[in-house]
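A quick write-up on the structure given underneath.
The values are calculated or read from the model by the stated rules, or taken from the named source; none is laboratory data. Just so it is clear, the structure is predicted and the values come from calculations on it, not from any experiment. Here the Cβ positions follow ideal geometry from the backbone for every residue, glycine too, while neighbour counts run over all protein chains shown.
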Amino acid sequence: MAQVIIYEQNGQVAVCVPTGELPINEVLAKDCPEGAIIVDDSVLPQGDDAKYFDAWVLNSGVVTVDATKKAAIIAKQQAAETAKTTAVSKLAALGLTAEEISALGV
């Protein structure tokens, strides 16, 4: 279990992971804004929720995953995957091979 520093920055949760070169309290004082706190990294969202960093919210020193933000991220990912599948299908219908499609970065 490691300690990290968390705080809000531009409406997002920021996580500062000290390198160990300085004591964490010095990093907090030197590099982090007022209101930043030291926590064990085990209190950060784990498992599947860890993938949705942009949906993390900090409230009274506790980091949770905002369900609405998570749903928006999932919808955006699904839309991108659908667009890619559609593009591949259209390119294949035009006669491009899988290698040619891959070379296009699709």
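Quick look at the numbers
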| read-out | value |
| --- | --- |
| Odd one out for residue 32, checked against (1) over 30 Å from residue 106 (Cα atoms); (2) under 17 Å from the mean Cα position of the chain (by Cα); (3) surrounded by 14 or more Cβ atoms within 10 Å (Cβ to Cβ); (4) touching a residue at least 12 places away in the same chain (Cβ under 8 Å) | (2) |
| Subset of the stretch 17-29 [surrounded by 10 or more Cβ atoms within 10 Å (Cβ to Cβ), within 14 Å of residue 2 (Cβ to Cβ) and not hydrophobic (A, V, I, L, M, F, W, C)] | 18, 23 |
| Count of the stretch 41-60 residues which are of a type in the set (Asp, Glu) and free of Cβ contacts under 8 Å to residues at least 40 places away in the same chain | 2 |
| Members of the stretch 11-29 that are under 18 Å from residue 71 (Cα atoms) and touching a residue at least 12 places away in the same chain (Cβ under 8 Å) | 12, 13 |
| Only one of 96, 58 that is more than 23 Å from residue 44 (Cα to Cα) and surrounded by 10 or more Cβ atoms within 10 Å (Cβ to Cβ) | 96 |
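A quick yes/no check of all residues on (1) in contact with an Asp or Glu (Cβ under 7 Å, 6 or more places away or on another chain); (2) under 17 Å from residue 9 (Cβ atoms); (3) not assigned by TED's automatic domain parsing to the domain that holds residue 15:
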residue: 46; (1), (2), (3): no, no, no
residue: 53; (1), (2), (3): no, yes, no
residue: 56; (1), (2), (3): no, yes, no
residue: 61; (1), (2), (3): no, yes, no
residue: 79; (1), (2), (3): no, no, yes
residue: 84; (1), (2), (3): no, no, yes
